[in-house]
Structure formats: C-alpha cells, structure tokens
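Since every read-out is calculated from the coordinates, none of them should be taken as a lab result. Small disclaimer: the values here were computed from a predicted structure and weren't measured. For neighbour counting, all protein chains shown are included, and Cβ atoms are generated from backbone atoms with ideal geometry for every residue, glycine included.
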Amino acid sequence: MLRFLIRRTAGAALILLVISAITYVLFFALPSDPALLACGKQCTPQLLATIRHTMGIDAPLWVQYWHFLGGIFAGREYGAVHCAAPCLGYSFVNEQPVLQTLLNRFPATLSLALGAAVLVLTFGVGLGMIAALRRGRPVDKASMGIALIGASVQIYFFGIVVRYIFVDQLAWLPLPGYTSPGSSLTGWAGGMLLPWITLAVVNVATYARFTRSSMLEALDEEYVRAVRAKGLSPWGVYIKHAWRGAMTPVITMFGIDLGLFLGGAVITETTFNIPGIGKLAVDSVANSDLPMLMGTVLVASTAMVVANIAVDACYALIDPRVRAS
Amino acid sequence: MSALLTDDPPPAAAAATAALAGRSPAALAWSRFRRDRTGVASGIVVALFFVVGLGAPVISRLYGKNPYTTYGQNQPGLLDAFGYPVGPMGGMSSHFWLGIEPGLGRDVFTQLIYGIRTSLLISLAVVLIVTVIGTLVGITAGYAGRWIDYSASRLIDLILCFPATLFFVAFIPVAQSAFVSPTQPVPTWMRATTVVLVLSAFGWASTARLLRGQVLSLREREFIQSAQVIGVPAHRIILRELLPNLWTPILISVSLAVPSYVTTEAALSFLGAGMVEPTPDWGRMIQRGAEVYNADFSYMLFPGLAMLVFVLAFNLLGDAVRDALDPKSSR
C-alpha cells in the first residue's frame, strides 16, 4: 500500500507539472496583455515596460515558467512586493498573493463539496439500491423517472426556481449564502442548505441510475447466486455481497465528482453567489486576472489528481482482487 | 460441402433467406426502435426542436418579429416605469406570445427559437469534430498498439485530468484575445468558433478512450486475425472489418454528447464565457433571467423549461437508441 501511494504520488506530481506548464503556456503565450490592462488610460511605453518587468512577463516564456516554478519552492519578488515560499503568483488586481486568496476562498468550496457529497451518496446510492431490489415495480419506475428529470435539469435553472418558490415566495428555507461555520454553525448550515440540495439533486440522478444498473449486474453474478444457494438471507446477500461488488464503479465516479466539486463547483457557486474557488475563477475572468485564473486551474487540477489517487486507494480497500495484485 | 465453404449460398437457400427477409443489424435495430413508444415520442420532440431551430428565420418572418428589436422601448405601454413588462406572465399577449424581455423589451419567443439555433449549431459542430478526432485517435491507438498507443493513452489521461468547466471558463476569453485585440469587440462568429474549438480540443479524449478499448478487444477476435493472416492491408481491415463493428459505440457516444454539449454551451453563456449580448442564447437568457427572477419569473422560466424538455427528450431518445442497438442492455 505504501509503495503504491508513493508511486502514485510521484505520477500525480508529474501530471500536475505538465498541466501547470500547459496552462501557463496557454494563458501567457497568447497576446492578451495583462500589463496593458493594468497600465490604464494614461499609459506611456516606459510605464508599460516597468509594469511588464514588475509582473515578470518581459522574459521569454520558458524563463517565465521557470520563475513561476521557482516561486512555488523558494518564493519570489514582484517589484517591491515579496511573495513567500509556496508562491503561486501575485494578483495585481487584488494586490495579494494568489495563494492567500485561494486559501481564503477554499473553505466555502469545501463546505459546498462535502455537504453535497454526503447528500449525493446517501440519496443517490439509496435510491439506486431500492430501484434495483424492486426492479420493475412502481418504486423502481418512479425513482428512475425522478432520476431522469434530475439528470436533465440544469443547476442554474433548478437552483433559481427552488429559490424563488421556497425562499422568496414561501420563506421555508433561509437565504442561500456562505457564512463561516466558525462564526455561526446554524447560519452556515442554513445558508448552504439550498446550494447543497441543488448540487446534490443534479448528481443524485446519475448516481441512482448508475447504482441501479451496477447492482442489477452484481445480482446476476455467480458469487451472488452461490451465497443465495448457501441459504443466506436476502438482505445478507444484498448488503454483504452484491452491494460490495456493485460499489466499485460507483466509487470511481464519486472520486471524480468529488475532485470536480473540490476544484470549485463553478455553476453552483455562481448561481448562489458563494465565494468559493469556482466563483473566484468567474470573477477573475471578468477582471482579466491571469495569475489568479492560473491559480484556480491549479487548485482544481490538484483536486482532480488527488481524488483519483484516493479512488484507487479505496479500490484496494474494497476489492480483495485489487489488493492481491 | 463446398456450399458451406463458399460465401454464396446455393440457389435454393438463397431463395429461402429472401423469403425470410435477411435483415441487416441496422434494420433490426430500427424495428426494435419503432416498437419503443417513449423512444419514438422523444424522437419526435427532438426532431421538432431541430426543425424549429433550423427554421427560426422562417418562423420569425411569419411571426413578424426578430430577436434584436427592442419593442418594449420603441412602443410605449409595454414596459412599466421600472422596465418590467406590463401584463400577466412577463407581458404575454397575442402580439408577444411568450412576453417581452424586462429592460430591453425584446421579444421572448424569437429569442427562444433563435437560441435553439445557437445551442444546436455550436453543439453539433463540437460533436462532429469530437467524434471524428476521437474515432481517428481511438482506432489508431487501439490498432497500432506499442508506443503509439502508449503516447495516445497518456495524452488522453492528461486531458481527462483537466478540470473541464473551470478551464473552459478561464480559457475561452484568453483564447479569444488571441484573435482579437482586447480593446476591440469580439465578433459573434469568432466567439462561436472559439467556444467550438476549445470544447473540441478537450472533448475528443473520452470518445477516443471508449473506442480504443473497443478496438483493443476487437483486435483479438478471429475475424480480424484471419484477415491479418491472409494479408489484408491495415487500412482495409480498419475500414471494412473494424469500423462496421464500431458504429454502435460511436452512435451511443454521439447520443450522450449532443445534450451534454448543449448544456455545456448554455452553462458557459450563463457564466459569461460563451455567447454574449445580443446573440440569442438560452444560457444568456437564463443569466439575465436570474438577475430579475423575483420581479419577472417568466423570463427565466421559458428558456429553462425549453432546455429541460430538450435535454430530457434527447436523454430518453439516447436510451431508446442504446436499447435498440444493444438488445442485451437492460434498463
């Protein structure tokens, strides 16, 4: 297990290095000139050159990327400003190191991701299991019908319709928004409730459909027939044997989705104005804040890569066949 | 005995098969599809969307309005003092079937049907590019094997590691600046092209991975191996032996891709990274609708419902197509 983790971590570091290089080249090779934007209306060539130098974008591209990497490990200077050791760049729009802003924004993204993940797993897997065990019955048809609508509805549409009905008209749910759980736990949970439900509903559908088909497949397997023949109770068969086999593909999907959520659920955060990584990215686009955008992409891809490793580690825990190899 | 070894059946047998009406797999799939009532109904709904989308200019001419004119501002009495439409459901009337837009006072119905056009054209372009590139890469990697397969697979892995939505939102405006100087306005066709190119650049990887897997398993089957043994050239094996067996997975991936790109395009426009004013677009309409939903709920309701119906119908159609092509699959 330890060797596996070390090998995968090294692989992940390599992937992140490549992604950061590609992102850097894509963002900074193109002629959109952040210096020109920062320079403003009374721009003189000297001033432009000074700003370019301060931003560190007057060197050739590969030197720039080298400085960027150097900044992550040793910190770097932007003109008079010092950006300490894990320096992911400096946002001249916010006048703050990129990492600082990312750290400020991450708790909101984390809250949204974890809450939605709990709901998605509980209801998605639960609904899928029930549908599989009552195959062809009204319960199955109803839950699959709901799942289909959930899979087709858009976050920004569903979120605002639900907000309109349950917050603005009926006032059953509190206003959505993010408050730090440190300052008010109930305020935090209340404000996150609608975003959690919205992000979950859209994904529950996929999980319910996926769990159902995976469970039906598992129930057809020979080992399930074997334990049935052995005389195990139906629930013993479902929970102890079929479920375990059926969960492996679901966990893969969950890992990828959790990685996506942790990298910032862009649409949900924008719909409910939650100050997370995804909202930060959208705002940075509006402000043409390239270093900040670069930072959000790096956070999001790190989340993806880490989630992938976690999924593979979970495989080993669940599936004895993987452990052996 | 010799009849068993040749491809041509003896005359009597040929007559018998003709009487039994030898049906191609496509004909079998079609007859299975026709029996699926949900499938046919959703197919009709999807077809309707295509007709309305492509015929939008004709419809809007018959209807007598266009999606750009600010009727509410030109004609007094349509918008109230706050810029919200007068009358029920966002100013619905016999003149403006689905009401008018708050603020600018444009016609909702024509915006909606032109919006289908925008979404469909962009997503169909992406699906076409993604499928062609994905198929080419998938078949090449799966069939060639060795280092070609290895490098293609690593590239696919890498692309699938990119956080898609966030990257699109971040990269599309940057990519646009490559073509147009930041001080100039970006022409509409340029925006659409950038969206198509960026979505395609990252979209082909999943199709390629799917087809590579299919080709890997097909490659080991007897009919491919015997073709290789008797010296059939590689391009013939790929075109005549492999490709006919790949139509099913290709069609299935297309049926999943179309609704997914329609929603991706709308989501990008909602986030402000896709199509912008004044191009009619569902995502852009919902973005505006989300700003005014409390005063004029219907302006976001219509594009939202239209998209829900389209995606739902397309998903049902996709399920039916999958069932028809693969009778073993269970729903």
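Quick look at the values:
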{"read-out": "Separation of the B:L305 and A:Y315 label points, Cα + 7 Å toward Cβ, nm", "value": "4.6"}
{"read-out": "Translational D in µm²/s for the stretch A:55-175 (Stokes-Einstein at 25 °C, 0.890 mPa s, Kirkwood Rh from C-alpha pairs)", "value": "128"}
{"read-out": "Kirkwood Rh and Cα Rg combined as Rg/Rh, chain A", "value": "1.07"}
{"read-out": "Percent of C-alpha pairs per 5 Å bin, the stretch A:146-283, short to long", "value": "2, 9, 14, 16, 15, 12, 10, 8, 7, 5, 2, 0, 0"}
{"read-out": "Where the Cα pairs of the stretch B:183-224 fall when distances are cut into 10 Å bins, in %", "value": "23, 27, 21, 16, 10, 4, 0"}
{"read-out": "Distance in nm between pseudo-label sites at A:I165 and B:I148 (7 Å out along the Cβ direction from Cα)", "value": "5.4"}
{"read-out": "Sites A:L14 and A:R244 - FRET efficiency at Förster radius 41 Å, r taken between beta-carbons, to 0.05", "value": "0.80"}
{"read-out": "Efficiency of FRET between B:Q225 and A:R225 - r from beta-carbon atoms, R0 25 angstrom, step 0.05", "value": "0.15"}
{"read-out": "The stretch B:269-331, Cα convex hull volume normalised per residue, Å³", "value": "111"}
{"read-out": "Spacing of the two label points (7 Å from each Cα toward its C-beta) at B:R35 and A:N273, in nm", "value": "5.6"}
{"read-out": "Gain on full stretching of the segment that runs from A:T50 to A:T122 - 0.36 nm per residue minus C-alpha separation", "value": "20.4 nm"}
{"read-out": "Residues B:S60, B:S269, A:S143, B:S31 arranged by fewest to most Cβ contacts within 10 Å", "value": "B:S31, B:S60, A:S143, B:S269"}
{"read-out": "Kyte-Doolittle at least 1.0, axis length at least 18 Å by Cα - qualifying DSSP helices, chain A", "value": "A:2-29, A:98-119, A:243-262, A:290-318"}
{"read-out": "Cross-link reach list, aspartates and glutamates versus A:K240, counting only Cα pairs under 16 Å and skipping chain neighbours closer than eight places", "value": "A:E217, A:D220, A:E221, A:E222, A:D319"}
{"read-out": "Residues of type aspartates and glutamates that A:K279 reaches as a straight line, Cα spacing below 14 Å, ignoring anything fewer than 8 places off in the same chain", "value": "A:E269, A:D289"}
{"read-out": "Sorted by Cβ density within 10 Å, fewest first, the residues A:S233, A:S213, A:S91", "value": "A:S233, A:S213, A:S91"}
{"read-out": "Principal axis dimensions, largest first and in whole angstrom, of the protein assembly as shown by Cα", "value": "93, 69, 57"}
